[in-house]
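**Q** One structure, pasted below without further comment.
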Amino acid sequence: MNFNEFGLTINGYTFEGIWEDVKIAKSMSALGGQIQVRTVDFFPETHELWNISKGDKYIATINALPISIGFIEEVEINYNANGGSISFSGRETVADLSDCSFDGTERHWTDVTVANIIYYITEPFTIPVTIDPAVAFRSGTIYPEIVLEEGKNCAEIIYELCRANNILPVSMGDGYLTLTQTTNVMFAADLLGRQNILEASFVDSDTNRFSKYTIKGTGVESPTISTPAEYLSSSGSYEDPQIVRHRPKTILSEYANDAGKCVAQSWFEANLRAGLSKRVTYRLEGWTEVVGKIPWNINKLVHIFDEKFQLNRNMLINTVYFEYNGSSGFTTTLGLVDPITYTLNPGMYSIRTTFDSREISLL
């Protein structure tokens, strides 16, 4: 095994060794990664011989380990004087939640847990949910009364519920929606340094940061909540002292149903945007950790020793981009952020962090 073996199984058949280009993208900030493969069009007049159609389920593996499970959504055919090519693109199963609206017939519950609400939303999509033991207690938080808004995006409902209850929803590529938290124990075996970095970049941007974040609790009229004052009462805010211009951001949340949750969610919004504003990207040779021989993945810590960026610290992998082509071979691009970027509990960490000798404020 060369530790970069890629397989794509569709309709019971595994395609290996035929792809000229492979791209796989995964992110902690999006539900559902993407995959695209391209090769010579071996059947230019009879494409049905590929036995691959839109809507077919795929399983993408690296060294026989599943890295992305989803559905083929696009087929593209190209040709010129030198021949033709065909490409297949798809997204992970969980991506349907990001596209689709909630259409459940049951919208009003009493004494229901966060987990049960999410189960109800995902069940029609046949998307299983796995709950990290670290957040099992929080996923059991009971709402005395809750009303889901018909037509609202499914992923938005899940994100709002999770943020209000200190839970992180992610797609690890295994076909499940995972309810978890930012890892503080999962470490990559490799250390990243000059010997294994092909390219590097550091971005510091305030484009998506704001001076003040205000979360206002809201809701939908129900048999026991009938006046605006009853469901537009809770609110909380947090200021980012690094943004001196007047840039307010107000977010309505149906599930931050008390002042404490509103304050915690406003802190999370400020912390998340501040963390994502400072990004380090490294392109590496190969698709696996050199020491561990397992594919890189999101929500994992890796230690960086980079003299040029003055980094000697642990960072969190929040994006992974695998690529293969004839010119550059197998490469992986890791997007790294401060480990507390996706932290949901403001009481757990200081809002400041240190990038080696240069102090860079998260907020």
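The values are calculated or read from the model by the stated rules, or taken from the named source; none is laboratory data. Just so it is clear, the structure is predicted and the values come from calculations on it, not from any experiment. Because the Cβ atoms are built from the backbone with ideal geometry, glycine has one as well, and the counts that use them run over all protein chains shown.
**Q** Just to confirm my filter: which strands (runs of 3 or more DSSP E) fall fully inside the stretch 82-143 and include at least 1 residues that are more than 20 Å from LEU31 (Cα to Cα)?
**A** Ranges flagged: 83-92, 108-113.
**Q** So, one more: Assuming GLY55 fulfils every condition listed in (1) surrounded by fewer than 16 Cβ atoms within 10 Å (Cβ to Cβ); (2) under 19 Å from PHE322 (Cβ atoms) apart from one, which condition is it?
**A** (2)
Table: residues versus (1) more than 17 Å from ASN116 (Cβ to Cβ); (2) modelled with pLDDT of 90 or more; (3) among the basic types (Lys, Arg); (4) surrounded by fewer than 20 Cβ atoms within 10 Å (Cβ to Cβ).
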| residue | (1), (2), (3), (4) |
| --- | --- |
| THR130 | no, yes, no, yes |
| GLY140 | no, yes, no, yes |
| ILE146 | no, no, no, no |
| CYS154 | no, yes, no, no |
| LEU168 | yes, yes, no, no |
| ASP174 | yes, yes, no, yes |
| LEU179 | no, yes, no, no |
| ASN184 | yes, no, no, yes |
| ALA189 | yes, no, no, yes |
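**Q** Just the residues that are of a type outside the set (A, V, I, L, M, F, W, C) and either under 30 Å from PRO144 (Cβ atoms) or surrounded by fewer than 16 Cβ atoms within 10 Å (Cβ to Cβ) (or both), please, taken from the stretch 74-95.
**A** Across the stretch 74-95, the qualifying residues are GLU74, GLU76, ASN78, TYR79, ASN80, ASN82, GLY83, GLY84.
Listed here are the residues, each with its yes/no results for (1) more than 17 Å from ILE197 (Cβ to Cβ); (2) outside any strand (DSSP E or B).
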site	(1), (2)
SER266	yes, yes
ALA274	yes, yes
ARG283	no, no
LYS308	no, yes
LEU316	yes, no
SER327	yes, yes
THR331	no, no
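**Q** Where residues in the stretch 285-298 are at pLDDT 90 or above and surrounded by fewer than 21 Cβ atoms within 10 Å (Cβ to Cβ), which of them is farthest from THR61 (Cα to Cα)?
**A** Across the stretch 285-298, the extreme among qualifying residues is GLU285.
**Q** Next up: Which condition number in (1) within 30 Å of ILE142 (Cβ to Cβ); (2) over 28 Å from the mean Cα position of the chain (by Cα); (3) part of a strand (DSSP E or B) is the one that TYR79 fails?
**A** Condition not satisfied by TYR79: (1).
**Q** Taking the stretch 37-57, which residues are of a type in the set (S, T, N, Q) and either modelled with pLDDT of 80 or more or not assigned by TED's automatic domain parsing to the domain that holds ILE24 (or both)?
**A** Result: THR39, ASN51, SER53.
**Q** Looking at ILE52, ILE62, ILE86, which is the one that is farther than 23 Å from ALA155 by Cα, touching a residue at least 24 places away in the same chain (Cβ under 8 Å) and touching a helix residue (DSSP H, G or I) at 6+ places or on another chain (Cβ under 9 Å)?
**A** Exactly one of ILE52, ILE62, ILE86 is farther than 23 Å from ALA155 by Cα, touching a residue at least 24 places away in the same chain (Cβ under 8 Å) and touching a helix residue (DSSP H, G or I) at 6+ places or on another chain (Cβ under 9 Å), namely ILE86.
**Q** If you don't mind, there's one more thing I want to ask. Please list, ordered by first then second residue, the pairs with beta carbon atoms under 7 Å, 6 or more apart or interchain, first in the stretch 236-251 and within 25 Å of LEU161 (Cβ to Cβ), second in a loop (DSSP other than H, G, I, E, B).
**A** ASP240/ARG209; ASP240/PHE210; ASP240/SER211; ASP240/LEU363; PRO248/PHE210; PRO248/SER211; LYS249/PHE210
**Q** Oh, and also: Looking at this structure, is LYS261 at pLDDT below 90 and part of a loop (DSSP other than H, G, I, E, B)? Spell out the reasoning first.
**A** Numbers: at pLDDT below 90: yes; part of a loop (DSSP other than H, G, I, E, B): no.
For LYS261, the condition - at pLDDT below 90 and part of a loop (DSSP other than H, G, I, E, B) - is not met.
**Q** Something else about it: Can you tell me which residue in the stretch 20-50 is farthest from LEU177 (Cα to Cα), limited to those that are part of a strand (DSSP E or B) and within 14 Å of the chain's Cα centre (by Cα)?
**A** ILE24
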